[in-house]
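In what follows, a single structure is set out as C-alpha cells and then discussed.
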Amino acid sequence: MGLLNNLKAKLGPAKGKVSDLAQQHGGKIQHGLDKAAKVVDEKTKGKYSDKIQTGTGKAKGAMDRLAHKDDGTGGGTGTGGDTTPPPAS
C-alpha cells in the first residue's frame, strides 16, 4: 500500500493543474472533440456514428467533471454538463 499512497501523493498537484486547464480551455477542448468526431465519422462513412457520438459524449462529460471538480457542489451528482453528441452530417 505504501507505493499506491506515494503515487497518489505525487499525482495530487497534477490533478489540480489538469482541472485548471480544463476550466480555462473547456470550449476549445469540446470544439476539438466535435471536430475529431466529425472527421472520424466521415472517414468511416457513418458506419460507427452511434459509437462515435457515445464516445464523444463521454469524453465531454469527463472533461466537464474535471473542469468543475472544485466548484463547491460536492461533485459526482450532476449530469456533467451538456454531453449531447454532435449531429451526424
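If you check Asp34, Asp82, Asp50 for being of a type in the set (Asp, Glu) and modelled with pLDDT under 90, only one passes: Asp82.
Matching residues to (1) surrounded by 10 or more Cβ atoms within 10 Å (Cβ to Cβ); (2) in contact with a Phe, Trp or Tyr (Cβ under 6 Å, 6 or more places away or on another chain); (3) basic (Lys, Arg):
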site: Leu3; (1), (2), (3): no, no, no
site: Ala9; (1), (2), (3): no, no, no
site: Val18; (1), (2), (3): yes, no, no
site: Ala22; (1), (2), (3): yes, no, no
site: Ile29; (1), (2), (3): yes, no, no
site: Asp41; (1), (2), (3): yes, no, no
site: Lys47; (1), (2), (3): yes, no, yes
site: Gln53; (1), (2), (3): yes, no, no
site: Gly57; (1), (2), (3): yes, no, no
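The values are calculated or read from the model by the stated rules, or taken from the named source; none is laboratory data. The structure presented is a predicted model; accordingly, all values stated were derived computationally and were not measured. Please note: Cβ atoms are built from the backbone with ideal geometry, for glycine as well, and neighbour counts cover all protein chains shown.
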